[in-house]
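Worksheet: the structure to be examined is printed underneath.
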Amino acid sequence: MVSIGILGLDTSHAPMFADIIEEMPKVSLEAVWDDGTTRDDEYRIEFSNRYNATMCNDSKEIIDSVDGVMVLDVNWDNHVPLAIEALQADVPTLIDKPIAGQVNDLSDLAAEAADTPVVGGSAVPYHPRLQTLSATPGSDTLYCLGYQHRFYYGAHLVDIARTLASANWTRVTPAPDPGDTVDVEFENGTFATLRLDGPGPDTSGNEFIVLSVNHGRAVTLEDDTTVHNEMYREYLADFVAAIEDWETRIERVVDCGQLLLAVNSAIERCQPVIRDSPQLSTYQMDGDAFTELYRSEWQ
């Protein structure tokens, strides 16, 4: 039996993932912890009772009692510190998107991870419809359209492009487009155009649209509960497999995190960003400010 712990109950992912874990064979949700920033005591107690999970008073307490932890805190500034606590104890860790708000945190994560399994980022690359666009040998040209918050929801679009490219990014350039749009180049020659502030008013607005030139087709990822549950099951199954096989996804996780920061830096500063450039090291997204926005608009 693989025992899982949750660090952070702020978002809808905590109950969604807990529901799926209950259905997974030989996997159990054993313990949860939350810092109380967004959720009150009543919610936390109700959550732990609903899933028959121990409510821990300290994040380190949960790490000592499980085989793997999921860092789901809405404030991405807390992600890497919480993950490092687990990794220092050699506990496999899943980190929800966005991974981090600055490059230094990503560097610290990579340094601490060693060979301990790290999984995470967006679950959308596990969407069943995207499997029809799975990476093929060589390069591709991608056009990807996302929506809502450029960093928090932009993580989905960035992770989709990085997964389909199956290579690390090298350069991000602001595109001559009226929206929040960039062109991304990858090591294997894949080229992706990402627009983060669509789709337009003639759609539901909660969609990702991805076009692959190699495959000659586009897919629309709509807000569908049934399909989302299948996507999350694959996401969590990958985490369990990483624990059981002791395999890490740290390179992809860190590269996606860096690319998300590079995309936002390029749009905000109207300047190209090259991988490992000093420009990227000075860019930061404020997790505390977003947490306040999340409380007021989305909780």
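The values are calculated or read from the model by the stated rules, or taken from the named source; none is laboratory data. Predicted model only: the values in this text are computed from it and were never measured. Heads up, the Cβs are rebuilt from the backbone with ideal geometry, glycines too, and the neighbour counts pull from every protein chain shown. Just the protein is used for accessible areas: all its heavy atoms, side chains included, with ligands, DNA and RNA removed. Shrake-Rupley method; radii C 1.70, N 1.55, O 1.52, S 1.80 Å.
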Determine whether residue 252 is open to solvent by 20 Å² or more (accessible area, probe 1.4 Å), part of a helix (DSSP H, G or I) and modelled with pLDDT of 95 or more. yes
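State all residues of segment 84-104 that are in a helix (DSSP H, G or I), over 23 Å from residue 61 (Cα atoms) and either open to solvent by less than 30 Å² (accessible area, probe 1.4 Å) or acidic (Asp, Glu) (or both); if no residue qualifies, say none.
If we filter segment 84-104 for residues that are in a helix (DSSP H, G or I), which is where we start, we get 84-88, 103-104.
This time we only want the ones that are over 23 Å from residue 61 (Cα atoms), so: 103-104.
Passing the criteria: only 103.
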Single condition residue 24 does not satisfy, out of (1) free of Cβ contacts under 8 Å to residues at least 40 places away in the same chain; (2) touching a Lys or Arg at 6+ places or on another chain (Cβ under 9 Å); (3) surrounded by fewer than 17 Cβ atoms within 10 Å (Cβ to Cβ); (4) within 20 Å of residue 249 (Cβ to Cβ): (1)
Assess whether residue 148 counts as being at pLDDT below 95, open to solvent by 10 Å² or more (accessible area, probe 1.4 Å) and farther than 23 Å from residue 276 by Cβ. yes
Considering each residue of segment 276-297, count those that are within 19 Å of the chain's Cα centre (by Cα) and either surrounded by fewer than 16 Cβ atoms within 10 Å (Cβ to Cβ) or among the polar types (S, T, N, Q) (or both), and give that number. 6
Quick one: how many residues across segment 27-53 are open to solvent by less than 90 Å² (accessible area, probe 1.4 Å) and either touching a residue at least 60 places away in the same chain (Cβ under 8 Å) or outside any loop (DSSP other than H, G, I, E, B) (or both)? 13
Report, by residue number, each residue of segment 135-144 that is closer than 25 Å to residue 197 by Cβ and surrounded by fewer than 16 Cβ atoms within 10 Å (Cβ to Cβ). 141
Name the single residue that is farthest from residue 260 (Cα to Cα) among those in segment 160-180 being open to solvent by less than 10 Å² (accessible area, probe 1.4 Å) and assigned to a helix (DSSP H, G or I). 165
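Kindly check whether there is at least one residue in segment 120-134 that is part of a helix (DSSP H, G or I), free of Cβ contacts under 8 Å to residues at least 24 places away in the same chain and surrounded by fewer than 17 Cβ atoms within 10 Å (Cβ to Cβ). Let's see the steps before the verdict.
Here is the first cut: in segment 120-134, the ones part of a helix (DSSP H, G or I) are 124-126, 128-133.
Next, from what is left, pick out any that are free of Cβ contacts under 8 Å to residues at least 24 places away in the same chain: 131.
Cutting the leftovers down to surrounded by fewer than 17 Cβ atoms within 10 Å (Cβ to Cβ) gives us 131.
Checking segment 120-134: at least one residue is part of a helix (DSSP H, G or I), free of Cβ contacts under 8 Å to residues at least 24 places away in the same chain and surrounded by fewer than 17 Cβ atoms within 10 Å (Cβ to Cβ).
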Determine whether segment 76-93 contains at least one residue that is more than 22 Å from residue 242 (Cα to Cα) and not aromatic (Phe, Trp, Tyr). yes
Any chance segment 196-205 includes a residue that's at pLDDT 95 or above, more than 16 Å from the chain's Cα centre (by Cα) and not in a helix (DSSP H, G or I)? no
Selected residue (only one of 250, 267, 274 is within 30 Å of residue 28 (Cα to Cα), out of contact with any His (no Cβ under 9 Å at 6 or more places or on another chain), touching a residue at least 60 places away in the same chain (Cβ under 8 Å) and aliphatic (A, V, I, L, M)): 250
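Return yes or no: is residue 218 of a type outside the set (D, E, K, R), part of a strand (DSSP E or B) and at pLDDT below 95? Steps first, please.
On the way: of a type outside the set (D, E, K, R): yes; part of a strand (DSSP E or B): yes; at pLDDT below 95: yes.
It is true that residue 218 is of a type outside the set (D, E, K, R), part of a strand (DSSP E or B) and at pLDDT below 95.
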When you look at residue 236, is it more than 24 Å from residue 181 (Cβ to Cβ) and open to solvent by less than 20 Å² (accessible area, probe 1.4 Å), yes or no? yes
